[in-house]
1. Against the condition within 18 Å of the chain's Cα centre (by Cα) and exposed (fewer than 15 other Cβ atoms within 10 Å of the Cβ), how does residue A:45 come out, does it pass?
2. For residue B:171, state whether it is of a type outside the set (A, V, I, L, M) and within 22 Å of residue B:140 (Cβ to Cβ).
3. Among the residues of the stretch A:145-174, how many are over 14 Å from residue A:94 (Cα atoms), of a type in the set (Ser, Thr, Tyr) and surrounded by fewer than 20 Cβ atoms within 10 Å (Cβ to Cβ)?
4. Looking only at the stretch B:3-13, decide whether some residue is out of contact with any Cys (no Cβ under 8 Å at 6 or more places or on another chain), touching a residue at least 40 places away in the same chain (Cβ under 8 Å) and within 9 Å of another protein chain (Cβ to nearest Cβ).
5. Does any residue of the stretch A:41-58 turn out to be in contact (Cβ under 8 Å) with a residue 12 or more places away in the chain, outside any helix (DSSP H, G or I) and away from every other protein chain (no Cβ under 11 Å)?
6. Does any residue of the stretch A:180-195 turn out to be at pLDDT below 95, over 21 Å from residue A:42 (Cα atoms) and within 13 Å of chain B (Cβ to nearest Cβ)?
7. Does the stretch B:87-107 contain at least one residue that is touching a Leu at 6+ places or on another chain (Cβ under 7 Å), at pLDDT below 85 and among the charged types (D, E, K, R)?
Amino acid sequence: MESATVALGHAHGEEQHGPPEANQSSRMDRQTLGILLFIVSEVMLFGAFFASYFFLRVVVHPSSWPPHPYELPVAVAGVNTAILVSSSFTIHYALSSIRRGNRTGLKLGLVLTWLLGATFLFIQINEYVHLGFSARDLAFGSIFYGLTGLHGAHVFVGLVLLSFASIRAFRGHFGPEEKDHLGVEVPGIYWHFVDVMWIIVYTTVYIL
Amino acid sequence: MHNPLRSEADAFRWAVIIGGGAVSVIVLTLLTRPVVGVIWAAALIGFGVGVAYRGARGSLPRDVALTRGGDGKYRLLVVANETVGGGALLDRIRDSCRGRESEILVVTPALASSRAAHWASDVDEAIELARQRMELSLIAIGELGLKAKGEIGDSDPNMAIEDALRVFAADEILISTHPPERSRWLEHGVVDRAREQIDLPIGHVVVDLAADRAVS
């Protein structure tokens with residue numbers, strides 16, 4: 001039997017021989033589905049840390065938080081939050097650019113995102129140096145460094161992914177078609193996740 | 001239901017929304033007390049979950065890949081479950097295939113008894129019931145002098161049609177349902193969705209099994 005695959009929305013005259021493409025029951029490409037499943041597992045990991053945090057805060061130290069005499073640099077961390085949040089806009093700009101075929105915008109967006117992420121990490125490490133307490137100081141110190149350090153590790157991983165994407169962008173990879181810029185799309189989704197997690201960490205640990 | 005987070009653009013939109021919510025929590029906390037911020041944050045989370053749930057309802061529009069036949073044979077895809085042996089359906093099949101060299105594929109979706117049974121893949125009984133109905137309908141179609149084969153399909157009738165179209169080069173699809181007041185398929189928009197997604201003639205046959213029984 002002669003057969004051909006015809007996707008709706010395209011011209012039926014353009015028939016091609018061979019079996020239809022393999023069905024993807026998830027209706028998503030594998031890479032995007034993979035990063036989403038990974039993020040689900042990461043949400044559980046952060047959830048475990050947040051559970052510890054709230055246990056310590058509500059059950060162990062209900063009277064004062066942070067315990068006397070420790071203080072957190074709310075303003076500096078706030079500036080750092082603004083830096084990381086702005087990096088979500090730059091990675092989105094990078095992807096919007098490549099969707100329009102603007103390679104310069106892609107490169108600019110990726111480099112800016114990388115620089116903002118690196119600045120965030122640098123300020124956080126600097127904050128650690130000047131905090132005046134360590135992970136050994138009470139459960140408070142442990143959970144503070146555990147939670148913010150876990151997030152910092154994610155920023156570092158995100159920077160590595162952005163480095164690869166940037167190198168590829170400067171080598172002329174990626175194109176406007178959706179399948180041609182998955183190498184930026186996937187790190188982009190991860191970067192937004194890292195951004196959102198920091199917003200939650202900052203609001204919970206530094207503000208509430 | 002569908003995944004509301006499917007691309008970087010979706011992720012960015014959520015990041016902006018969550019960022020906006022966090023700013024309001026921070027401002028409220030700094031202006032009042034942390035407990036007020038916690039209550040506001042909890043309210044926002046609840047609202048956000050509700051919005052996400054509403055946004056995830058329904059199916060996304062999609063294209064269904066078709067296999068085209070090239071041998072001039074008329075191929076009819078019949079999708080039916082409880083009504084698969086109904087008189088109106090058999091009449092329609094006979095009319096559609098009259099005077100043509102035809103090939104018929106009867107797909108009977110295995111309908112789980114409940115949503116819990118569906119999610120737990122507890123569909124053995126449903127598959128067996130579907131098989132029994134399908135075999136009876138194949139006999140009935142054979143008595144019309146037509147050649148037919150049968151398959152058990154996915155419990156989602158639209159997915160069952162899509163699966164069948166990947167291997168069967170249908171020229172027309174017939175979907176058989178109960179009358180509108182008793183049909184869950186019609187309630188869930190199975191026929192309308194199939195017409196939106198599939199660029200083939202799609203016929204809808206209403207089978208009233210009670211009337212069939214009264215006649216016989």
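The values are calculated or read from the model by the stated rules, or taken from the named source; none is laboratory data. Everything numeric here is computed off the predicted structure, so don't read it as measured data. Cβ placement follows ideal geometry from the backbone for every residue including glycine, while neighbour counts extend to all protein chains displayed.
1. Numbers: within 18 Å of the chain's Cα centre (by Cα): yes; exposed (fewer than 15 other Cβ atoms within 10 Å of the Cβ): yes.
Yes: the conditions hold for residue A:45.
2. Judged against the criteria, residue B:171 is a match.
3. Qualifying residue count for the region: 1.
4. yes
5. no
6. The answer is yes, given that some residue of the stretch A:180-195 is at pLDDT below 95, over 21 Å from residue A:42 (Cα atoms) and within 13 Å of chain B (Cβ to nearest Cβ).
7. no
Let's see how each residue does on (1) part of a helix (DSSP H, G or I); (2) surrounded by fewer than 19 Cβ atoms within 10 Å (Cβ to Cβ); (3) within 14 Å of chain B (Cβ to nearest Cβ):
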site	(1), (2), (3)
A:95	yes, no, yes
A:98	yes, no, yes
A:101	no, yes, no
A:104	yes, yes, no
A:107	yes, yes, no
A:110	yes, no, yes
A:120	yes, no, no
A:129	yes, yes, no
